[in-house]
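The values are calculated or read from the model by the stated rules, or taken from the named source; none is laboratory data. On a predicted model such as this, the values are computed, not experimentally measured, just so you know. Please note: Cβ atoms are built from the backbone with ideal geometry, for glycine as well, and neighbour counts cover all protein chains shown. Please note that ligands, DNA and RNA were not included when accessible areas were found on the heavy atoms of the full protein model with its side chains. Shrake-Rupley method; radii C 1.70, N 1.55, O 1.52, S 1.80 Å.
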Amino acid sequence: AQNYTKSTTARKLATLRSFSKFLIRKGKMSTNPLATIRTPKQEKRLPKCLDLEQVQRLLEAPGEGDILSVRDKAMLEILYSSGIRVSELVGLEIADIDLEEGVLRVRGKGRKDRLTPIGSQAIAAVRRYYAMREATGRLPLEANSRVFLNKHGQSLSTRSVRRKLDKYLAIAGLDPGISPHTLRHSFATHLLNNGADLRSVQELLGHQSLSTTQVY
């Protein structure tokens, strides 16, 4: 009657079902009045995705004026080139990136490590960032050091990455509603559009279930 979306209705029904079960356990009710009410079938929403021209504009937005700009370009290149999550990006250590082989070791959800390749543009961007880090003399490239550091030499937070992305979306004139996860969606979509196998994309994204990947 209140014109809720199907997802909102489903969430409210789930809440009421749980509350009813709790009341039954406590002896306040004898039957669950929501037992016969069906949850509305959810619509499958396609994840938001950037096209190649939009990705290019975003990746070029940071420029190379200083070490922070070079760092941000390397971060965006890694996110798009590998499809890793932002939490995985900020957790990367120097030892996790093999620039010769073009491979990342990613610590994913559930403490499951995986290997994922990165492209030549991402490799070049990380090399430039490393060179500028070494040139400062303050941010040594030790194996257990985080790859992406703030200006104080501390690890970046996921919130910091989001703020940086918002800044470059504005510079590139792109939708401010784009999130770091949109780059992950774009990575997967562009791979599949170019003939990649769904199972391979599942492995690269670190999805446990193929059904999670099938949304693409």
Take L192 and A10, extend 7 Å from each Cα along the Cα→Cβ direction, and tell me the distance between the two endpoints in nm. 1.7 nm
Determine, from the Cβ-Cβ distance of E101 and A170 and an R0 of 35 Å, the FRET efficiency 1/(1 + (r/R0)^6), rounded to the nearest 0.05. 0.50
Where the range 1-98 is the region considered: accessible area per residue in Å², 1.4 Å probe: 62 Å²
Residue-by-residue Karplus 3J(HN,Hα) for the range 178-191, coefficients 6.51, -1.76, 1.60, Hz, glycine and proline x: 5, 10, x, 5, 4, 5, 5, 4, 5, 4, 5, 5, 5, 4
From the residues V147, V161, A125, which one has its Cα farthest along the dipole of the range 124-169 in the positive direction, the dipole being from +1 and -1 charges on Cβ of Lys/Arg and Asp/Glu about the Cα centre? V161
Counting sequence-distant residues (5 or more places) and residues on other chains, those with an amide H built under 5 Å from that of V103 are D98, I118
Segment N150-R162, length gained on full extension (0.36 nm per residue, minus Cα span): 3.0 nm
Report, to the nearest whole %, how much of the accessible area of the range 33-123 belongs to carbon and sulfur atoms, 1.4 Å probe, protein only. 51 percent
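Per DSSP helix of 4 or more residues, -39500 (n - 2.57); summed, then divided by the residues of the chain. What does that give at 222 nm, rounded to the nearest 500? Present the calculation step by step, with values, prior to reporting the outcome.
Working: 9 runs with 108 residues, N = 216.
Result for the chain: -15500 deg cm²/dmol, rounded to the nearest 500.
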Specify which labelled value, from [x] 16.5; [y] 12.8; [z] 23.3, agrees with mean projected area of the Cα convex hull in nm² derived from the coordinates of the model shown. [x]
Relative contact order as a percentage, the chain, C-alpha pairs under 8 Å and 6+ apart, gives 23 percent
Taking only protein heavy atoms and a 1.4 Å probe, what accessible area per residue, in Å², does the range 115-181 have with all protein chains in place? 57 Å²
Mind checking the range 69-152 for trypsin sites (Lys or Arg not before Pro) that DSSP puts in a loop (not H, G, I, E or B) and that have at most 15 other Cβ atoms within 10 Å? K112, R138, K151
FRET efficiency for L52 and S87 from the Cβ-Cβ distance with R0 = 22 Å, rounded to 0.05, comes out at 0.25
Take the residue pairs K21/K41; K12/K48; K41/K112; K26/K112; K6/K112 and return only those whose Cα atoms are more than 28 Å apart. K41/K112; K26/K112; K6/K112
Size of charge dipole - the range 33-126 - debye, nearest 20, with Cβ of Lys, Arg +1 and Asp, Glu -1, no other charges: 1000 debye
